[in-house]
Amino acid sequence: MSRDICDFKGVIPAVLSVFGRDESLDEAGTREFIRYLLSFDIGGLYLTGSTGEAFLMDAQERMRQVEIVMEEVGDKVPVVVHVGAMSTRASVELARHAERSGAAGISSVPPFYFKFNEDQIFHYYEDLAGSTSLPMVVYNIPLAGLMTVEQVIRLSQIENVKGVKYTATALYEVAQIRESCKSGFQIYGGCDELGSSNIALGVDGIIGSFYNVIPDLYLKIWAAVKASDIPAAAQLQSKAVHVIMAGLRSGSMMACIKAWLRGGGVPAGYARRPFTNFTPEQERELLDQLAAIDRADGLGLDIVKRIQACG
């Protein structure tokens, strides 16, 4: 597989981890779920990140998840593995495993929980980026504590740091990063709600949770922006937000996305505690709600067609 991060473009699902009802990693379900995602014209896969519930998994589970996915993907699309952990040592171990497994790149949130200063964060990325030959994508997200634009620009100067996944609503910062970082530095939009806006700003790709369940809608958004049909892109994005808000308002976003997928016969598994899952009655309501959004907005979503086929 090519390890050129420039191949990592377009609509990129932040891949769910498939757990059984007993919370064990479902290897067969993972393989089938990856084949489902690969049936769309996605630009890559982003593994073991926030959406993948990585911080609810131990190191061995995360490594096994990577191995399973890489076996299924082969050279079909580039795979970037999130290796963030509570210690540099643990992150380096995950990074080296990702390299051995054939990943196209690695990524990490900044060190969190303890209030590390800017120099400590810089040295974390310096150590991690130097631990393998893989390109590194910095992951800036509120859950781990947003870094400033100036911090991201400083990190971009580290050899092997080739891009940033920027999950922030201040879109003008994306332009600042583009203008200030070295040529070829890759930028990935991380807010699903701002997919069309990020694409219009010229990001190299968009990475998000809801691309697991509505990749077909985001592929249309990507195509509309690239065709300079901004009104169509804005309309499609507005409809995507209807789906996103339904997921967020469900009270357990990860479990909701998985319930929608399972309702369509896609083995996405269940959320791992302390996330909560839904009762069968609640899941039926969520499926009906998604179908109602699809019908009202005239989306024709693949997952709704699958739900209807499953009865």
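Note on the range 29-137: with charges restricted to the Cβ of Lys and Arg (+1) and Asp and Glu (-1), its dipole about the Cα centre is near 100 debye. Note on the range 147-213: Cα-Cα pairs beyond 18 Å make up 31% of the total pair count. Rounded to the nearest 20 debye, the dipole magnitude of the chain is 220 debye, with +1 charges on Lys and Arg beta carbons, -1 on Asp and Glu beta carbons, and the Cα centre as origin. Between the amide H of residue 108 and those of 83, 137, 139, distances stay under 5 Å, these residues lying 5 or more places away or on another chain, with hydrogens modeled in the peptide plane.
Each of the peptides 21-28, 188-195 was scored by the mean count of other Cβ atoms within 10 Å over its residues; in descending order, highest first, they stand as 188-195, 21-28.
Heavy-atom accessible surface of the chain, averaged per residue, reaches 41 Å², computed with a 1.4 Å probe. Placing a pseudo-label 7 Å from each Cα along the Cα-to-Cβ vector at residue 179 and residue 116 gives an inter-label distance of 3.0 nm.
Set Lys and Arg Cβ to +1 and Asp and Glu Cβ to -1, take the dipole of the chain about its Cα centre, and tell me which of 97, 30, 158 lies farthest positive. Of the options given, the answer is 30. Accessible surface of the chain, 1.4 Å probe: 51 percent of it comes from carbon and sulfur atoms. Rg/Rh for the range 186-286 stands at 1.03; both radii use Cα atoms, and Rh follows the Kirkwood definition. Dipole size of the range 169-311 about its Cα centre, with +1 on Lys/Arg Cβ and -1 on Asp/Glu Cβ: approximately 320 debye, rounded to the nearest 20. Couplings for the range 128-134, taken from phi via the Karplus curve 6.51 cos²θ - 1.76 cosθ + 1.60 with θ = phi - 60°, read 5, 5, x, 7, 9, 8, 6 Hz in order; Gly and Pro are left as x. Structure note, pairs 165/305; 220/305; 165/226; 182/226; 9/182: Cα-Cα distances above 26 angstrom occur for 165/305.
A simple spin-label model places pseudo-atoms 7 Å from Cα toward Cβ; at residue 71 and residue 4 they are separated by 3.0 nm. Here the scattering of the chain is modelled by Debye summation over its C-alpha atoms, one equal scatterer each and no solvent; at q = 0.14, 0.15 Å⁻¹ the log10 of I(q)/I(0) is -1.05, -1.21. Couplings for the range 215-230, taken from phi via the Karplus curve 6.51 cos²θ - 1.76 cosθ + 1.60 with θ = phi - 60°, read x, 4, 5, 6, 5, 5, 4, 4, 5, 5, 5, 5, 8, 6, 8, 5 Hz in order; Gly and Pro are left as x. In the chain, the DSSP beta bridges split such that about 5 percent are antiparallel, to the nearest 5. Per-residue extension of 0.36 nm, minus the Cα-Cα distance of residue 276 and residue 170, leaves a gain of 35.1 nm for this segment.
Size descriptor for the range 57-98, Kirkwood hydrodynamic radius: 10.8 Å (Cα pairs only, one decimal). Only Cα sites of the range 9-153 enter the Debye sum here, all with the same form factor; the resulting log10 I(q)/I(0) across q = 0.14, 0.21 1/Å is -0.64, -1.33, listed in q order. For residue 10, the residues whose amide H sits under 5 Å from its own are 205, 206, ignoring neighbours fewer than 5 places away on the same chain, with H placed 1.01 Å from N. Placing unit charges on the Cβ atoms of the charged side chains and taking the dipole of the chain about its Cα centre, the candidate lying farthest along the positive direction among 174, 210, 298 is 298.
The values are calculated or read from the model by the stated rules, or taken from the named source; none is laboratory data. Just so it is clear, the structure is predicted and the values come from calculations on it, not from any experiment. With ideal geometry, Cβ positions are generated from the backbone for all residues, glycine too; neighbour counts draw on all protein chains shown. Heavy atoms of the whole protein, side chains included, go into the accessibility calculation; ligands, DNA and RNA do not. Shrake-Rupley method; radii C 1.70, N 1.55, O 1.52, S 1.80 Å.
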